[in-house]
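Asks: Below is the structure I would like to discuss, written out as structure tokens.
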Amino acid sequence: MAHWLYKSEPSSWSWQAQKDAGEKGTEWTGVRNYLARNNMRAMKIGDKGFFYHSNDGLEIVGIVEVCALSHPDSSAKGDPKWDCVDIRAVRDMPQPVTLKDVKANEKLAKMALVTSMRLSVQPVTEDEYLEVCRMGGLDNPPE
């Protein structure tokens, strides 16, 4: 199973809004970067990921999972270039993990959040996933 990180400005779509979407989840729309789109095309049902508040907060605040495979992005106005997946909230991070904390951890020096900060949908390695979960107070992270 792969792991991912999804970035969202809380003023546009917050962790609370994601949780409020419920078990059905919601489309992760509006991604207009080819690499981020390709990351979504590679996702599988059940893949877990971090929900990251960008611009305001700069912290990993929760864990989500893919609940629908890549499909045309409904916000792309019929443009077939753009896809999205559907994700649903799994759980809160007991302690949000800040960008500053991630950058200070040598084990995360190669994490895309550090090296490709502007990419809105990023891959996360298994070791990075486990380390961030540990930092956030999750000893038994959702798999």
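Asks: Given the Cα-Cα distance of residue 12 and residue 45 and 0.36 nm per residue of separation, how much length would full extension add, in nm?
Replies: Result: 9.4 nm gained on full extension.
Asks: Springs between alpha-carbon pairs under 10 angstrom, Gaussian network model over the chain: which of 72, 123, 80 fluctuates most?
Replies: Answer for the Gaussian network model of the chain: 80.
Asks: Antiparallel DSSP bridges in region 3-136: what percent, to the nearest 5?
Replies: Percentage antiparallel, nearest 5: 80.
Asks: So, one more: Between residue 91 and residue 117, what is 0.36 nm times their sequence separation minus the Cα-Cα distance? Round to one decimal in nm.
Replies: Net length gain for the segment: 7.0 nm.
Asks: I would also like to ask the following. In nm, to one decimal, how far is the modelled label at residue 23 from the one at residue 139, with both set 7 Å along Cα→Cβ?
Replies: With each label point 7 Å from Cα toward Cβ, the separation is 3.0 nm.
Asks: Over the chain, what percent of the accessible surface lies on carbon and sulfur atoms, probe 1.4 Å?
Replies: Carbon and sulfur together cover 49 percent of it.
Asks: Could you compute how much accessible surface residue 34 exposes when probed at 1.4 Å, giving the result in Å² to the nearest 10?
Replies: 110
Asks: Below 10 angstrom from the Cβ of residue 55, what's the summed charge of the other residues (Lys, Arg +1; Asp, Glu -1)?
Replies: -1
Asks: Over the chain, what is the mean sequence separation of C-alpha contacts under 8 Å (at least six apart), divided by residue count, expressed as relative contact order in percent?
Replies: 30 percent.
Asks: Among the lysines, which fall within straight-line cross-link reach of residue 110, defined as a Cα-Cα distance under 16 Å, with same-chain neighbours fewer than 8 residues apart omitted?
Replies: Partners found: 100.
Asks: A further question follows. Using a 1.4 angstrom probe, figure out how much accessible area region 3-136 has per residue, in square angstrom, rounded to the nearest whole.
Replies: 50
Asks: Oh, and also: Please compute the Cα-Cα pair-distance distribution of region 3-136 with 10 Å bins starting at 0, giving whole percents from short to long.
Replies: It works out to 13, 47, 34, 6, 0, in whole percents.
The values are calculated or read from the model by the stated rules, or taken from the named source; none is laboratory data. Quick caveat: nothing in here was measured; it's all calculated off a predicted structure. In this analysis, Cβ positions are derived from the backbone assuming ideal geometry, glycine residues included, and neighbour counts consider all displayed protein chains. Quick note on the areas: whole protein, heavy atoms, side chains included, nothing else; ligands and nucleic acids left out. Shrake-Rupley method; radii C 1.70, N 1.55, O 1.52, S 1.80 Å.
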